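The next block holds one structure in the form of structure tokens; read it before the comments.
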Amino acid sequence: MERPPPSLLSSRKVPCLAVGVRTPCLGLERGTPALRKGFGSLGAPRREDAGCQCSATMKVKVIPVLEDNYMYLVIEEHTREAVAVDVAVPKRLLEIVGREGVSLTTVLTTHYHWDHARGNAELARLRPGLAVLGADERICSLTRKLVHGEELRFGAIHVRCLLTPGHTSGHMSYFLWEEECPDPPAVFSGDALSVAGCGLRLESTAQQMYESLTVTLGSLPPETKVFCGHEHTLGNLEFAQKVEPGNDHVRAKLSWAKKRDEDDLPTVPSTLSEELLYNPFLRVAEEPVRKFTGKAAPAEVLEALCKERASFQRAAEPLQPQARALLALQWGLLGTPRQK
């Protein structure tokens, strides 16, 4: 989480996207015809034909909420079972569950911050027996704590739980795939990895964060689709351009992201192979990034990048003292006053 949102509704025009992971497609709601999508270099989509003939077993509904958050609904098309990721606004999620006609059985929470877990309690109340899973006991309404490397299964969909400390000490990312399927898997990375960036390092060491990004997530198949927790792409790419002004991949992705921003459209998902081309937090071993930070050891490069990004963000959008206090409170860094 980066900023306290002003409302419970996203300002994005498109309230929900349907992305078939095996056969990439994009379905726009409100009666708009679905558009089959092809993803060229740098993830820039192109229109091919009207109508979405997605035969995937796994379908991902991308749900913008709050100011810049994403919730996700993962649907197993054969069993019609659904799994939600990072429930911030339960009413919005349940609207889509009802519209899709699926059975919601499980919530996967990446970390305990309110903008990723605040909806768990209400959802558990409305859906008795719902499993709420995560790796941190601070997650609201947690029914079972997961461990690194644990595998779950929902119909044909496999889930591998990947502990990715950095943003928080108990941050878990979720890697989803189908057996004997040639089409791309997906990772739900919360605030560990985002398009062209990563979350703030709040509770873990720079070395732990480096290992989360480059070892745990960076070693996933390059075609893996990355579904992150926030729409911070434009700002992330502007910082990436400052780090590597000569990187043509950054320049091209930034141009694409500006067009998406003008159209008020989401920029997720990216792919891991794309991130390795333009995300400076995955490029800490590259000479231009090391030169920018003045550091050589990867964890030190990462730590320096985080500090430089914080300065860059403050200059672009300074927070007032009251907003900083509210942000700290919502992160759980401050306690609420006790009732007398």
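The values are calculated or read from the model by the stated rules, or taken from the named source; none is laboratory data. Since the structure is predicted, the reported quantities are computational estimates derived from the model, not experimental observations. Please note: Cβ atoms are built from the backbone with ideal geometry, for glycine as well, and neighbour counts cover all protein chains shown. Areas reflect the complete protein model, heavy atoms only, side chains present, ligands, DNA and RNA absent. Shrake-Rupley method; radii C 1.70, N 1.55, O 1.52, S 1.80 Å.
Note down the nm distance, to one decimal, between modelled labels 7 Å out along Cα→Cβ at Lys242 and at Glu308. Output for this residue pair reads 0.9 nm. Quick one: if the Förster radius is 30 Å, what FRET efficiency do Glu223 and Lys291 give, using the C-beta to C-beta distance and rounding to 0.05? Calculated value: 0.50.
Sorting Tyr278, Tyr112 by accessible area puts them as Tyr112, Tyr278; the probe is 1.4 Å, largest comes first, and only protein heavy atoms count. Amide H contacts of Thr110 (H built 1.01 Å from N, in plane; Pro and chain starts excluded): Asp86 sit under 5 Å, all sequence-distant by 5 or more or on other chains. Inter-part distance, the range 223-238 to the range 105-140, computed on C-alpha centroids, equals 23 Å.
Taking the inverse of the mean reciprocal distance over all distinct Cα pairs, the Kirkwood hydrodynamic radius of the range 233-324 comes to 14.1 Å.
Annotation: amide H of Arg283 has no partner in the under-5 Å range at sequence separation 5 or more or interchain, hydrogens built in the peptide plane.
Tell me which GluC sites (Glu not before Pro) from the range 114-169 have a DSSP coil assignment and no more than 13 other beta carbons within 10 Å of their own. Could you put the intermediate results ahead of the total?
Details: sites: Glu122, Glu137, Glu150, Glu151; in loops: Glu137, Glu150.
Qualifying residues, ordered by number: Glu137.
Assuming R0 = 30 Å, what is the FRET efficiency of Glu180 and Glu150, from their Cβ-Cβ distance, to the nearest 0.05? Present the calculation step by step, with values, prior to reporting the outcome.
Details: r = 22 Å, r/R0 = 0.73.
Efficiency at R0 = 30 Å is approximately 0.85.
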